[in-house]
Amino acid sequence: MELAFTSWSGGKDCCQAFYRAVAKGLQVRYLLNMVTEDGERSWSHGIAAKWLKMQAQAMGIPLLQRQTSGANYTAEFKNTLLTLKQEGITAGIFGDIDFEPHREWITKVCAEGGIIPHLPLWGEDQNQILRNFIGLGFKAIVVATRADLLGEEWLGRKVDSEFVADLVPLKNITPCGEAGEYHTLVIDGPLFQKRMEILQTSKVLRNGHWFLEIVAAELKAKGGS
């Protein structure tokens with residue numbers, strides 16, 4: 001069985017990519033998450049690192065968090081791949097859909113790190129990807145939006161059929177937020193051994209983006225109250 005890591009943001013697309021890769025026989029050993037130099041936040045979605053640790057705990061998968069600056073991001077990512085390669089990991093799973101420059105970056109760094117990249121969602125219709133995510137039983141909430149496109153009222157919304165319907169008439173919004181229009185945090189689903197319950201949040205405007213700051217959360221048994 002091919003050993004793999006999943007490039008992890010905590011959001012819906014990397015989660016569905018992970019799910020599909022496992023269904024095809026890959027064995028995921030680690031979730032790989034790049035965080036800021038101080039180790040406090042994820043580079044991808046600005047989520048506090050501790051909540052991604054809780055999410056990984058809920059899934060029962062080890063989380064590797066690597067601290068880096070923006071300038072050193074590629075070098076640190078590649079160094080991490082080389083380390084994983086030494087552990088027998090030969091594949092990387094990525095949730096990208098249609099942003100070609102990032103696919104080119106993935107191909108380059110994986111080649112240099114001796115890793116085979118897998119992009120299970122690549123080239124698919126975004127509306128279908130979103131419907132599949134919901135249909136599989138995953139639960140996610142919106143944790144960030146571009147302030148010029150989606151207001152703070154979108155923060156905390158569940159990714160469900162109503163959410164999808166409300167996105168349809170909006171202009172300049174890709175269904176999966178592939179251009180960074182919004183980001184999500186998965187809190188439950190088929191890959192989860194426990195579910196995350198968000199207990200307290202606040203809303204913050206930072207660098208042109210609205211963020212849902214999670215103040216308190218806990219793990220609960222699946223199906224529990």
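Trp122 meets each of the listed conditions (1) farther than 17 Å from Leu32 by Cα; (2) in a helix (DSSP H, G or I) apart from (2).
Considering each residue of segment 165-175 in turn, none proves to be in contact (Cβ under 8 Å) with a residue 12 or more places away in the chain, of a type outside the set (Lys, Arg) and in contact with a strand residue (DSSP E or B) (Cβ under 6 Å, 6 or more places away or on another chain).
Among Gly95, Gly88, which is more than 27 Å from Phe211 (Cβ to Cβ), in contact (Cβ under 8 Å) with a residue 60 or more places away in the chain, outside any helix (DSSP H, G or I) and not assigned by TED's automatic domain parsing to the domain that holds Asn207?
Values: Gly95 fails: more than 27 Å from Phe211 (Cβ to Cβ).
After ruling out the rest, the residue left standing is Gly88.
Regarding Val22, is this residue surrounded by fewer than 19 Cβ atoms within 10 Å (Cβ to Cβ), under 15 Å from Gly92 (Cα atoms) and out of contact with any Pro (no Cβ under 6 Å at 6 or more places or on another chain)? Taking the combined requirement at face value, the residue satisfies it. For segment 166-177, a residue qualifies if it is under 16 Å from Ile129 (Cβ atoms) and of a type outside the set (S, T, N, Q), and the qualifying residues are Leu167, Val168, Ile173, Pro175, Cys176, Gly177.
Check segment 164-172 and report whether any residue there is assigned to a strand (DSSP E or B) and either under 14 Å from Lys12 (Cβ atoms) or in the same structural domain as Gln57 (by TED's automatic domain parsing) (or both). For segment 164-172, residues assigned to a strand (DSSP E or B) and either under 14 Å from Lys12 (Cβ atoms) or in the same structural domain as Gln57 (by TED's automatic domain parsing) (or both): absent. Would you check if there is a residue in segment 143-158 being within 22 Å of Val22 (Cα to Cα) and of a type in the set (A, V, I, L, M)? No: segment 143-158 contains no residue that is within 22 Å of Val22 (Cα to Cα) and of a type in the set (A, V, I, L, M).
Identify, please: which residue in segment 4-52 is assigned to a strand (DSSP E or B) and among the basic types (Lys, Arg) and is, among those, farthest from Asn132 (Cα to Cα)? Don't jump to the end; show me each part of the working.
At the first step, the residues of segment 4-52 found to be assigned to a strand (DSSP E or B) are 4-7, 27-35, 41-42, 48.
Pick out the ones that are also among the basic types (Lys, Arg) and you get 29, 41.
Working: Arg29: 24, Arg41: 29 Å.
So, considering only residues that are assigned to a strand (DSSP E or B) and among the basic types (Lys, Arg), the one farthest from Asn132 (Cα to Cα) is Arg41.
Report, by residue number, each residue of segment 132-156 that is without any contact (Cβ under 8 Å) to a residue 40 or more places away in the chain, in contact with an Asp or Glu (Cβ under 9 Å, 6 or more places away or on another chain) and either outside any loop (DSSP other than H, G, I, E, B) or under 25 Å from Gln193 (Cβ atoms) (or both).
So the first thing to find is which residues in segment 132-156 are without any contact (Cβ under 8 Å) to a residue 40 or more places away in the chain, and the list is 134-135, 149, 153.
The next check asks that each one be in contact with an Asp or Glu (Cβ under 9 Å, 6 or more places away or on another chain); those that pass are 134, 149.
Hit for segment 132-156 is Ile134, nothing else.
The values are calculated or read from the model by the stated rules, or taken from the named source; none is laboratory data. If you're wondering where the values come from, they're calculated on a predicted model, not measured in any experiment. Methodologically, a virtual Cβ is constructed for each residue, glycine included, from the backbone with ideal geometry; neighbour enumeration extends over all protein chains shown.
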